[in-house]
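The values are calculated or read from the model by the stated rules, or taken from the named source; none is laboratory data. Since this is a predicted model, take the numbers as computed values, not measurements. Cβ coordinates were reconstructed from backbone atoms using ideal geometry, including for glycine residues, and neighbour counts include every protein chain displayed. Side chains included, ligands, DNA and RNA excluded: accessible areas come from the protein's heavy atoms. Shrake-Rupley method; radii C 1.70, N 1.55, O 1.52, S 1.80 Å.
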Amino acid sequence: MSAEGGGTGYRMWGGRFEGRLDPRVARFLASLPVDVRLLPHDLRGSLAHARMLTARGIIPEDAGREIIAGLRGMIAEADAGAFPVDETAEDVHTLIEAELHRRIGEGAGWLHVARSRNDQVATAFRLWVKASAAAAAAAVTEVQEILLQRAAAEGELLLPAYTHLQRAQPALLGHHLLAYVWMLQRDVERLRRAYEAADVLPLGSGAAVGVSHPIDREAVARLLGFARISANSLDATGDRDFAVEFLAALALLMTHLSRWAGEVVLWSTQEFGFVELTDAISTGSSLMPQKRNPDPAELIRAKAGRVLGHLVALLATLKGLPPGYGLDLQEDKAPVFDAADAALGSLQAMGVVAREIRFRPERLWEALTAGFVTATEISDHLARRGLPFRQAHHLAGQVVRYAERQGKALGDLAPEEWATLLPGLQRADADGLAGAVTPEGAVAAKDVPGGTAPGRVKEALEAARGVVAAAQQWVREVEGARQRTEEALRASP
Ligand code: ARG
């Protein structure tokens, strides 16, 4: 890296220095390897800034025109992956200005009027976070769609729901799958809020206290598609809350994916055997020929730890910082970029897992019939018949103890056995009870909003389809707005 920021031969600062920056320090300070990902966004921020400066007559018109044309060409090259990146530049901002200088000469020096890298980097980073939050939300809805399809197709299968990892009560597979849809729905909403948190323009804040030129911040906000402008320059240049909010949304999303992935790992064990992993979502062992490992699920489970670490890293970086910019803030991007990559990669892999995984109805059924998972139905039944629940619970416990000793499932108990176990039970009640202790009877009884009765699950499936469709609509609107902004920004003047 050259000592004065811009890369080979271009001096962006240094007038007040006599000596040169130690090359080892220069290398340590450089952020280009990380922030080069901001290139398309920083170019757009620069173009909007240049257009505003030119329109307001803050810079000479001919220089303004040259800068705008130069930046447009650079945007086209960056979008095509053909931007010449000078690896010796200090960061993406100096890279852009030096490249513009290479193309149009001294006129490039007008671009940095009325801005600082401090409001510039915050602007580019916010543009990046907005795009990534929308992309992550879109990716979550794709996974939700797959869950909805599976719930619609196989949702009527029965399985035990677990508490304490002990078989608890029968549930519909659709109910179980929808649990993840709703979990992920909260993630979509959080990503949407993170998008909105980032949707504030800091440009115009200068280095710390604003700028001394008659700029038009609202015009720049419109050109870049920001919903509003920041209210305080000192706060705006040092504010990375939007990055924390995005990371927090990603950390919780990854926490959810890891819980689901953990279940996939568990369910694919021989001990559980609830699911089978196809060749597309499992890998073999280099040593043990019989193995089929749930690698994608395991890696997703682990990536959650990594993303959580990034959230903590950014919070720790921000903690104790006075307002305004400090180079500490340069450390903000790497954790956010890596977390977004991890989340998008995990979502993609989880989508394939969700599509490919095979449920094993016979194993689900075995688990249902062997664990007294309908015992609650006995006490519920007796309570509905007027027995105080605590007494009913006690009697039901005795039934379970009896059945366990006899080596029988609840469904196998004969009418005489019920009569002995529950003296005073009417004949009609005994018949009702025999139906209630079947898995089908147990799920049918959970006929409350949010419950696992088939009708309720059907309703929930429809409701979930509605919220997922609304989220997808939001993603389309954001993308539409982005495209309109892009066209307007790239159009003359
Ligand atoms: N590379 C810096 C960052 O990523 C840009 C701002 C640098 N500002 C400064 N005054 N050194 O945050």
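The helices (runs of 4 or more DSSP H) falling completely within the stretch 154-241 that include 3 or more residues that are of a type in the set (Gly, Ala, Ser) and over 30 Å from ALA436 (Cα atoms) map to 173-198, 233-238. Evaluating ASP62 against the criteria (1) in a helix (DSSP H, G or I); (2) more than 19 Å from ARG11 (Cα to Cα); (3) without any contact (Cβ under 8 Å) to a residue 60 or more places away in the chain; (4) under 37 Å from the mean Cα position of the chain (by Cα) leaves one unmet condition, (4).
The single residue among GLN483, GLN473 that is open to solvent by 50 Å² or more (accessible area, probe 1.4 Å), within 19 Å of ASP187 (Cβ to Cβ) and not charged (D, E, K, R) turns out to be GLN473. Taking the criterion of being open to solvent by 40 Å² or more (accessible area, probe 1.4 Å), in a helix (DSSP H, G or I) and in contact (Cβ under 8 Å) with a residue 24 or more places away in the chain, the residues of the stretch 318-337 that qualify are LEU327, ALA334. Mind checking whether some residue in the stretch 279-298 is hydroxyl-bearing (Ser, Thr, Tyr), part of a strand (DSSP E or B), farther than 30 Å from ARG117 by Cα and away from the ligand (no atom under 16 Å from the Cβ)? Checked the stretch 279-298: at least one residue is hydroxyl-bearing (Ser, Thr, Tyr), part of a strand (DSSP E or B), farther than 30 Å from ARG117 by Cα and away from the ligand (no atom under 16 Å from the Cβ). It is to be established whether one or more residues within the stretch 87-98 are at pLDDT 95 or above, under 26 Å from VAL129 (Cβ atoms) and hydroxyl-bearing (Ser, Thr, Tyr). Checking the stretch 87-98: at least one residue is at pLDDT 95 or above, under 26 Å from VAL129 (Cβ atoms) and hydroxyl-bearing (Ser, Thr, Tyr).
Residue count for the stretch 97-133 under the criterion of being closer than 23 Å to ASP239 by Cβ, in a helix (DSSP H, G or I) and within 15 Å of the ligand (Cβ to nearest atom): the result is 13. Pairs linking a residue in the stretch 79-93 that is at negative phi and part of a helix (DSSP H, G or I) to a residue that is open to solvent by 20 Å² or more (accessible area, probe 1.4 Å) and within 15 Å of the ligand (Cβ to nearest atom), with Cβ atoms under 6 Å and 6 or more positions apart or on different chains, are VAL92/VAL36; HIS93/ARG117. Among the residues of the stretch 143-158, are any surrounded by 21 or more Cβ atoms within 10 Å (Cβ to Cβ), closer than 30 Å to ALA339 by Cβ, within 16 Å of the ligand (Cβ to nearest atom) and modelled with pLDDT of 95 or more? Looking for residues that are surrounded by 21 or more Cβ atoms within 10 Å (Cβ to Cβ), closer than 30 Å to ALA339 by Cβ, within 16 Å of the ligand (Cβ to nearest atom) and modelled with pLDDT of 95 or more, one finds none in the stretch 143-158, hence no. Residues in the stretch 53-92 that are within 28 Å of LEU327 (Cα to Cα) and either within 16 Å of the ligand (Cβ to nearest atom) or open to solvent by 10 Å² or more (accessible area, probe 1.4 Å) (or both): ALA78, PHE83, PRO84, VAL85, ASP86, GLU87, THR88, ALA89, GLU90, ASP91, VAL92. Do we find a residue being in contact with a Lys or Arg (Cβ under 8 Å, 6 or more places away or on another chain), in contact (Cβ under 8 Å) with a residue 24 or more places away in the chain and part of a helix (DSSP H, G or I) anywhere in the stretch 3-22? No, the stretch 3-22 has no match at all.
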